[in-house]
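Since the structure comes first, as structure tokens, the remarks are kept for the end.
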Amino acid sequence: MTAEIIFASNKLGTVHPNQVQSMLDYHHYGRLVAFEKTGNGAMGQTLFIRSSHGEYVLKGNPLYPGQLQEEQYFIKRLQQQTTVPLPSPYHINENHSLFGWSYALMPRLTGNHINDETLQTKESLAVADAIARTLLQFHKWTEPTFGQLNPADQTISPFQHSYTNWLFQRILYWLNDASRFSTIATKDLRWTEKNLEDSKQGFTDLTSSTFVMGDFKPGNFLINQGPEGWCVSAVFDFTNAYFADPVSDLSKMLLYYMNEKQMAVAERLLHTYFAKALHASMQKRLTVHLIHQLVLDWGNAKATGAVTWDNELPFHQWANQYVEQLKQLCARISTLDKKN
């Protein structure tokens with residue numbers, strides 16, 4: 001279920017102090033001091049809680065059966081294979097008597113969201129290095145099967161037909177779905193199909209999958225400046241995780257840096273991540289993952305009236321601006337690698 005696109009969530013509704021205190025009593029976590037809904041991430045499913053014993057995050061009212069169990073599984077496995085700070089222990093209580101829904105309780109980790117920090121260019125470059133190192137740790141977890149976790153038995157359910165087919169059909173589905181809220185012309189479809197076709201061999205050459213967080217974005221990790229410099233101090237929300245092409249995890253941060261006009265930082269992220277191994281096939285796959293995210297962003301913005309660009313611009317022209325920026329980034333990285 002983790003690879004499904006989720007645009008809405010089950011909100012927590014009204015939560016009363018006596019309910020939170022009863023929950024703290026159940027876990028022996030002290031007396032309630034304060035609690036509030038979080039401002040980032042988790043689609044309205046989370047609360048910050050402060051007690052006499054510490055600070056915690058509650059995540060409740062699951063989007064689908066097994067959501068919390070999936071996240072617990074991913075966190076446990078990643079803890080075994082990486083040094084990335086993760087919310088653990090991750091306690092699940094499936095009893096509905098306290099809130100009317102099941103929940104998970106985990107420690108609140110320290111740090112700030114990247115978009116809450118005012119960083120100098122040198123600091124932003126250091127953060128990009130830290131992000132790349134974090135993703136590289138995640139992507140050391142490899143599996144022979146491309147697919148998504150089945151929480152019932154913790155096996156990987158393969159994508160139907162193939163990963164390439166699943167990904168391409170998903171992109172085309174959401175592009176067509178966007179026609180409900182915007183004009184999607186033949187040129188838009190043809191432009192997208194050509195980019196998919198150009199990348200097909202690169203996807204065919206993938207022989208094993210890796211863990212993919214699927215939602216690595218500013219709202220789902222924290223940064224902190226320690227004795228050894230800037231680091232990623234927390235990563236959370238693994239609802240969209242699955243097993244596929246690792247470079248897909250770069251797409252949301254690349255778009256973030258592009259939209260913030262931080263091209264040097266985007267370049268640094270790619271250069272550190274690929275470490276002189278950015279091949280043409282990888283660039284084409286990354287282009288497709290970028291288009292995938294752009295299709296989702298376009299459809300969401302058009303549907304919710306949140307367009308921040310020229311509303312008359314056709315999809316293919318709008319998306320191609322980002323694709324061209326990616327080409328320029330990759331070209332600069334290739335030049336740097338040849339010099340070194």
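So I have (1) -0.79, -0.86, -0.92, -1.09; (2) -0.64, -0.78, -0.93, -1.39; (3) -0.62, -0.73, -0.85, -1.20, and one of them is log10 I(q)/I(0) by the Debye sum over Cα atoms at q = 0.10, 0.11, 0.12, 0.15 Å⁻¹ calculated from this model. Which one is it? Of the listed options (1) -0.79, -0.86, -0.92, -1.09; (2) -0.64, -0.78, -0.93, -1.39; (3) -0.62, -0.73, -0.85, -1.20, (2) comes from this structure. For LEU196, what is the net charge nearby, where nearby means another residue's Cβ is under 12 Å from its Cβ and Lys, Arg count +1, Asp, Glu -1? Around LEU196, the surrounding residues sum to +3. Look at the Cα gyration tensor of segment 15-72: its axes a ≥ b ≥ c give a/c of at least 1.5 with a/b over b/c, and that counts as prolate. In the elastic network of the chain, a GNM with C-alpha springs shorter than 10 Å, the most mobile of GLN169, GLN293, GLN45 is GLN169. Each of SER162, SER102 was scored by other Cβ atoms within 10 Å of its Cβ. Arranged with the fewest first, they read SER162, SER102. Backbone phi angles across segment 180-193, fed through the Karplus curve with coefficients 6.51, -1.76 and 1.60 (θ = phi - 60°), yield HN-Hα couplings of 6, 10, 7, 7, 10, 8, 4, 4, 5, 5, 5, 4, 5, 4 Hz in residue order; Gly and Pro are listed as x. Here's the list of lysines a cross-link from LYS200 could span, going by alpha-carbon distance under 23 Å and ignoring same-chain residues fewer than 8 apart: LYS187, LYS252, LYS276, LYS284, LYS327. Think of each Lys and Arg Cβ as +1 and each Asp and Glu Cβ as -1; about the Cα centre, that makes the dipole of segment 43-163 roughly 160 debye. Shown for LEU254, LEU336, LEU63: other C-beta atoms within 10 Å of each C-beta, ranked fewest to most, produce the order LEU336, LEU63, LEU254. Between GLU71, GLU260, GLU312, the Gaussian network model of the chain with springs among Cα atoms under 10 angstrom shows the greatest mean-square fluctuation at GLU312.
Could you tell me how far the Cα centroid of segment 74-108 sits from the Cα centroid of segment 158-200, in Å? Value for the Cα centre distance between the two parts: 35 Å.
A straight chain from ALA152 to ARG332 at 0.36 nm per residue would run longer than the Cα-Cα distance by 60.2 nm.
Mind giving me the FRET efficiency for GLU143 and TYR64? R0 is 25 Å, r the Cβ-Cβ distance, nearest 0.05 is fine. Between GLU143 and TYR64 the formula returns 0.70.
Computed extension length for SER22-GLU260: 81.3 nm, one decimal, from 0.36 nm per residue of separation with the Cα-Cα distance subtracted.
Determine the shape class of segment 81-172: with a ≥ b ≥ c the square roots of the Cα gyration tensor eigenvalues, call it rounded for a/c under 1.5, and otherwise prolate if a/b is greater than b/c, oblate otherwise.
Oblate, because a/c is 1.5 or more while a/b does not exceed b/c.
Taking R0 as 41 Å, what FRET efficiency do you get between ARG190 and ALA275 from their Cβ-Cβ distance, rounded to the nearest 0.05?
Using R0 = 41 Å, I get an efficiency of 0.70.
Counting neighbouring Cβ atoms within 10 Å and putting the fewest first, the residues ARG77, ARG268 line up as ARG77, ARG268. Per-residue ellipticity at 222 nm from helix content only, as computed over the chain with -39500 (n - 2.57) for each DSSP H run of at least four residues, stands at -14500 deg cm²/dmol. Partner aspartates and glutamates whose Cα lies under 20 Å from the Cα of LYS11, excluding those fewer than 8 positions away in the same chain, are identified as GLU36, GLU70, GLU71, GLU94, ASP215, ASP237.
I want the local charge near VAL15. Using Cβ-Cβ distances under 12 Å, sum +1 for each Lys or Arg and -1 for each Asp or Glu among the other residues. Spell out each step's value before the answer.
On the way: positive: LYS11, LYS37; negative: GLU36.
Value of the local net charge: +1.
None of the figures in this text is laboratory data; all of them are computed from the coordinates on show. These figures come from a predicted structure and were not determined experimentally. Ideal geometry is used to build each Cβ from the backbone, glycine not excepted, and the neighbour counts take in all protein chains shown.
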